[in-house]
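Undergrad: The structure under discussion is supplied below as structure tokens; questions concerning it will follow.
Each reported figure results from applying straightforward, stated rules to the coordinates on display, with no laboratory input. Nothing here was measured: the structure is a model prediction, and the numbers come from that model. A quick note on method: Cβ atoms are made from the backbone with ideal geometry, for glycine too, and the neighbour counts reach across all protein chains shown.
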Amino acid sequence: MTKQEATDKINKQLEGIPRAEIRAVNLSVLPRLVGALNERSATCSECAELHDQSLSYVNDVVKILRGPSAYREKFEAFVTSAFMHLNHDHYTVPKGRILSVSVLTGMLLGFSFAILLSYFFENKNMIGYGTLGWVIGVTGGYAVGKFREKQLKKENRLF
């Protein structure tokens, strides 16, 4: 099943269910995961196995939302194991993960560096330096993350 087919099937099942309830489970990753597993299922037996498991979740999305909590936990464990397999065996990561980690790292580094500079130069405006460092860090992290994700997309290692 392709990503688009999975998206259509999930959307059909979710008609009439409030958006807040859908967002709480984060089902947006399921179609992308199904597509990534489908692409690799011909060459990887574990991907084929995980793809078959994912189809059972795609066919019964409402049970994830409104079924027993044990079923939801089983779904979350499945998603985690599929991510781990794709990451460790195929060096594939979900779209947005590299960007978010890069922005967070940029924030921390920029803020820390600015505060250290302010401290060593005995400047009284630590908040100003901290804010400026944070903004520079976010901007740098965003640029690095976008560049890295663009490279991964060219290498077909992003889903």
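Undergrad: Using the Karplus equation 6.51 cos²θ - 1.76 cosθ + 1.60 (θ = phi - 60°), what ³J(HN,Hα) coupling, rounded to whole Hz, does each residue of region 10-23 give in order, writing x for Gly and Pro?
TA: 5, 4, 5, 6, 8, 4, x, 9, x, 4, 4, 5, 5, 5
Undergrad: Pull out a ≥ b ≥ c, the square roots of the eigenvalues of the alpha-carbon gyration tensor of the chain, then state rounded if a/c is under 1.5, prolate if not and a/b is larger than b/c, and oblate in the remaining case. All intermediate terms of the calculation are to be shown ahead of the outcome.
TA: Values: a/c = 3.07, a/b = 1.99, b/c = 1.54.
In terms of gyration-tensor shape, prolate.
Undergrad: Have a look at CYS44, MET84, ASN125 and report the one farthest towards the positive end of the charge dipole of the chain, computed about the Cα centre with Cβ charges (Lys/Arg +1, Asp/Glu -1).
TA: ASN125
Undergrad: GluC sites (Glu not before Pro), restricted to region 57-140: which are DSSP loop and have at most 12 other Cβ atoms within 10 Å?
TA: Sparse-neighbourhood loop GluC sites (Glu not before Pro): GLU122.
Undergrad: With a point put 7 Å past each Cα toward its Cβ, work out how far THR105 is from PHE120 in nm, to one decimal.
TA: Calculated label separation equals 2.2 nm.
Undergrad: Residues in region 30-59 near a label at ALA77, defined as backbone nitrogen under 13 Å from the 7 Å Cα→Cβ point?
TA: Within reach of a label on ALA77, which here means backbone N under 13 Å from a point 7 Å along Cα→Cβ, region 30-59 contributes nothing.
Undergrad: Please give me, ordered by residue number, the GluC sites (Glu not before Pro) of region 1-63 that lie in loop per DSSP and have at most 16 other Cβ atoms within 10 Å.
TA: Numbers: sites: GLU5, GLU15, GLU21, GLU39, GLU46, GLU49; in loops: GLU15.
Passing both the DSSP loop test and the Cβ count: GLU15.
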